[in-house]
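What follows is calculated from the coordinates using simple rules that are stated; it is not laboratory data. Predicted model only: the values in this text are computed from it and were never measured. Backbone-built Cβ (ideal geometry, glycine too); neighbour counts: all protein chains shown.
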Amino acid sequence: MKKIIPFLAIAFFGLMVVSCTSDDDIAYVDYDTYPVVYDVNNVNFDNVGGSFQIARTFNTPMYETDMLLVYKRIGTTNNNAPIWQQIPITFYLNDGNEVDYNFDFSRYDFVIYAGGTFNLSNTEYVLNQTFRVLLVPADYAKNSGVDYTDYNSVINYYNIDDSNPKEL
């Protein structure tokens, strides 16, 4: 009987080790978010203490597992389709000046900033500007290989219907 107790102890310990699992290997899939498209159309930047900005608040807070991408409409194609360029971006002007667009965001809101090496007041760079804002699941982005600077790549990768964006 004394010889069987060590074998039972080893078997019990082995069973405990084998039955323990770790969730580290399981890929997390974000089912609580579907990509959302917002438009900020033909807006003027507000001069807030010398900083040009457009601020918007989400109707529903973003999930913590989402990320925000912002694209500026920089023109249209021959068939009138918009051309989107991801911000942050710097435009280098022919006269040696620069215009910068950037943004920050939280779960509740975002702010788009415009700045430059000259006074932007009442210039085309802060008047009647249009931006496209995408909320996408960040967890998918880890190993996606998608080029986030290319608006169409993002739309295709996330299978986003951008034909009817929400207005912010």
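Observations on the model:
- For chymotrypsin sites (Phe, Trp or Tyr not before Pro), the sites in the stretch 104-139 that DSSP calls loop and that have at most 16 other Cβ atoms within 10 Å are Tyr108, Phe118.
- Each peptide in 80-89, 62-71, 157-166 gets a packing score, the mean of other Cβ atoms within 10 Å over its residues, and the list from highest to lowest is 62-71, 80-89, 157-166.
- Proxy reagent accessibility, fewest Cβ within 10 Å first, across Arg132, Arg107: Arg107, Arg132
- Using a simple spin-label model with pseudo-atoms 7 Å out from Cα toward Cβ, Asp161 and Ala55 lie 3.4 nm apart.
- Here Thr117 and Asn152 are evaluated by their C-beta separation; at R0 = 35 Å the FRET efficiency comes out at 0.65.
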